[in-house]
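**Q** I have a structure here, written as structure tokens, and I will follow up with some questions on it.
Derivation of every value follows stated rules applied to the coordinates shown; laboratory data play no part. Just so it is clear, the structure is predicted and the values come from calculations on it, not from any experiment. Note: ideal-geometry Cβ built from the backbone for every residue, glycine included; neighbour counts use all protein chains shown.
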Amino acid sequence: MKKLILINPRNLLKKGLLKYIDSKFPPLGLGIIAALTPKDWEIEIIDENFDDFEFKQADLVGFTAFTSNAYRAYQIASVYKEKGITTIMGGIHATMCSDEALQYMDVVVKGEAESVWLNVIRDFENGEIKQLYEGPRLSAENIPSARHDLFHDNYMFSSVQTTRGCPWTCDFCSVTAFNGTAYRQRDTEVVLDEIEQTKGEKLLFVDDNLIGYSKKSVRRTIDLLKGMKKRGINKQWFTQASINIADNDEVLQLMADTNCKMVLIGIEAEKLDALIETNKSLNEKVGVENYNAIFDKLHSYGIGVLGTLIFGLDTDTADDLRRRVKWIIESKIDAFQTSVLTPFPGTGTYKKMLLENRIRYNNFPSDWQRMRFFENVIHPAKMTHDELNDVLKEVWSELFSEKTILKKFIMTLKETKNRDTAIWTMVTNTNYGNAIFEDIRFFNPATMLQ
């Protein structure tokens with residue numbers, strides 16, 4: 001029996017959110033690859049989210065990586081290549097930087113794997129493997145349930161994907177470049193079966209937008225949530241969604257009934273020119289002035305809001321960032337992911353900044369490690385690089401202070417009347433703060449609540 005090892009590398013520059021058990025998520029893509037692999041192969045996942053890499057013998061070694069951990073994938077691949085063992089890489093970074101990846105891997109798969117993985121395996125078995133495979137996007141019925149049995153037992157969260165694709169083309173995001181603009185939906189019964197196979201005590205739906213953008217997609221979400229309720233699936237869960245998540249009361253009630261605790265919503269900014277810059281057209285249409293009403297609606301169902309915001313946009317001055325933090329603190333957002341504008345390959349932001357020579361750290365592939373959301377890697381438009389660093393330290397110190405985190409906890413508890421939700425959002429805030437100030441300071445939510 002041939003052996004396939006699948007490797008999930010981690011960024012060695014900083015541990016970031018991987019230091020905390022409740023912010024680690026299993027490598028779902030590798031679980032899908034395992035499900036696509038013929039039964040006569042032995043499969044093992046080496047997951048550096050928990051265990052440092054140690055060489056194990058294999059016939060074929062596969063990697064997935066985001067941009068921030070691609071360099072580590074290349075490092076590990078060199079160990080296998082020296083021993084004459086075939087290495088193969090897929091995922092978003094390999095898709096966007098396939099020429100680079102081919103310098104370090106024997107084989108690269110661009111795009112989604114469902115359409116090509118069996119060809120890769122057959123070619124390998126026949127001694128005819130190619131350097132490059134390109135996987136066209138198939139309908140969602142071709143997405144198998146991941147092999148959750150192969151994931152590390154210590155994951156608190158399990159992950160399930162119910163849809164792929166996003167019709168919006170936000171300038172900073174690579175989802176559409178990788179998964180396309182068509183919103184593809186998996187069969188609800190297949191998804192429910194997969195949820196029942198998961199091991200973690202909590203659940204993340206990794207969809208870019210769980211409810212979609214049409215009456216049909218909303219209906220499907222309702223069917224999915226009703227199915228969870230009928231089957232007695234009661235894991236606490238969270239998901240990503242667009243600002244339109246609050247449009248349907250039936251959806252919100254079912255989310256509450258099935259134990260949803262938090263929704264990640266891409267806010268990005270509280271001012272119109274920034275939304276226009278990032279091509280965040282849905283938020284622009286909804287209107288910044290209506291954000292808090294949407295958050296109130298979610299709170300009324302006991303659901304917290306994790307708002308994502310970007311610092312260092314081309315429209316941003318230092319005072320804009322101070323105002324953004326003031327807005328976050330005074331708003332009804334419960335938890336906040338505040339990342340620095342990062343030019344990931346495949347995005348409009350990357351193309352623009354590459355053309356304008358505004359990527360400060362560009363010794364690739366090693367500098368890919370810096371592209372982890374919480375490090376300033378750019379020359380911003382209205383500040384110097386150092387000025388942005390100074391204001392980031394200032395505003396992050398205010399935002400991720402014990403005073404602000406406790407204030408938000410009390411607000412969430414009052415607004416949602418749900419202690420579990422308040423704890424979820426507080427732990428989220430402390431984890432982000434600890435990741436930003438790694439090795440500088442540490443907040444323990446349990447101690448803060450004493």
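**Q** Using 0.36 nm per residue of separation minus the Cα-Cα distance, give me the extension gain between residue 361 and residue 326 in nm, one decimal.
**A** Values: separation 35, 0.36 × 35 = 12.60 nm, distance 2.99 nm.
My answer for the length gained is 9.6 nm.
**Q** Assuming 0.36 nm per residue, please report the length gained on full extension of the stretch residue 403 to residue 387 beyond their Cα-Cα distance. Please report the intermediate quantities before stating the final value.
**A** Values: separation 16, 0.36 × 16 = 5.76 nm, distance 2.54 nm.
Working it through step by step, the gained length comes to 3.2 nm.
**Q** Counting only chymotrypsin sites (Phe, Trp or Tyr not before Pro) that sit in a DSSP loop (anything but H, G, I, E, B) with at most 13 other Cβ atoms within 10 Å, what is the longest stretch of the chain containing none of them? Could you put the intermediate results ahead of the total?
**A** Details: sites that count: 55, 442.
With chymotrypsin sites (Phe, Trp or Tyr not before Pro) excluded where exposed in loops, the chain gives 56-441 as its longest stretch.
**Q** How large is the Kirkwood hydrodynamic radius of the chain, counting all unique pairs of alpha carbons, in Å? Before the final figure, lay out each step's value.
**A** Details: mean 1/r = 0.0440 Å⁻¹.
For the chain, the Kirkwood estimate is 22.7 Å.
**Q** Tell me, in nm to one decimal, what length is gained between residue 118 and residue 81 on full extension, where the rule is 0.36 nm per residue of separation less the Cα-Cα distance? Working shown, then result.
**A** Working: separation 37, 0.36 × 37 = 13.32 nm, distance 2.23 nm.
Once the chain is fully extended between residue 118 and residue 81, it gains 11.1 nm.
**Q** Among residues other than residue 412 whose Cβ falls under 13 Å from its Cβ, what is the net charge (Lys/Arg +1, Asp/Glu -1)? All intermediate terms of the calculation are to be shown ahead of the outcome.
**A** On the way: positive: 261, 332, 407, 408, 414, 417, 419; negative: 296, 334, 415, 420.
Neighbourhood net charge equals +3.
**Q** Give me the Kirkwood hydrodynamic radius of region 67-108 in Å, from all C-alpha pairs, to one decimal place?
**A** Values: mean 1/r = 0.0993 Å⁻¹.
Evaluated on region 67-108, it is 10.1 Å.
**Q** Lone cysteines in the chain, going by a 4.7 Å Cβ-Cβ cut-off?
**A** 97, 166, 260
**Q** For residue 317 and residue 182, FRET efficiency with R0 = 45 Å and r from the beta-carbon atoms, rounded to 0.05? If you can, show how the numbers build up before the last one.
**A** On the way: r = 38 Å, r/R0 = 0.85.
Here the calculated transfer efficiency is 0.75.
**Q** Using DSSP loop states and a limit of at most 12 other Cβ atoms within 10 Å to flag GluC sites (Glu not before Pro), what is the longest stretch of the chain containing no flagged site? Each step should come with its number before you reach the end.
**A** Numbers: sites that count: 54, 128, 201, 356.
Longest gap between qualifying sites, sites excluded: 202-355.
**Q** Okay, next question. Restricting to Cα atoms and excluding each atom paired with itself, what does the Kirkwood estimate give for region 312-401 in Å?
**A** On the way: mean 1/r = 0.0721 Å⁻¹.
This gives a value of 13.9 Å.
**Q** Let me ask something additional. As a test of the formula, what do you get for the chain when each DSSP H run with n ≥ 4 contributes -39,500 (n - 2.57) and the sum is divided by the residue count, at 222 nm and rounded to the nearest 500 deg cm²/dmol? Let's see the in-between values first.
**A** On the way: 18 runs with 176 residues, N = 450.
Result for the chain, helices only: -11500 deg cm²/dmol.
**Q** Where the Cα atoms of region 373-450 are projected onto their three principal axes, how long is each span, largest first, in whole Å?
**A** 43, 26, 19
**Q** Label points 7 Å out from Cα along the Cβ direction at residue 231 and residue 134: separation in nm?
**A** In this crude spin-label approximation the distance works out to 3.7 nm.
**Q** OK, next. Listed here are the pairs 216/417; 3/56; 202/261; 24/414; 14/261; which of them are more than 20 Å apart at the Cα?
**A** Working: 216/417 32 Å; 3/56 10 Å; 202/261 10 Å; 24/414 28 Å; 14/261 28 Å.
Too far apart for the 20 Å limit: 216/417; 24/414; 14/261.
**Q** Next question, about the same structure. Over region 2-137, one equal point on each Cα, no solvent: what is log10 I(q)/I(0) by the Debye formula at q = 0.17 Å⁻¹?
**A** -0.88
**Q** Can you compute the modelled spin-label distance between residue 284 and residue 253, with each label point 7 Å from Cα toward Cβ, in nm?
**A** Those two pseudo-labels are separated by 3.6 nm.
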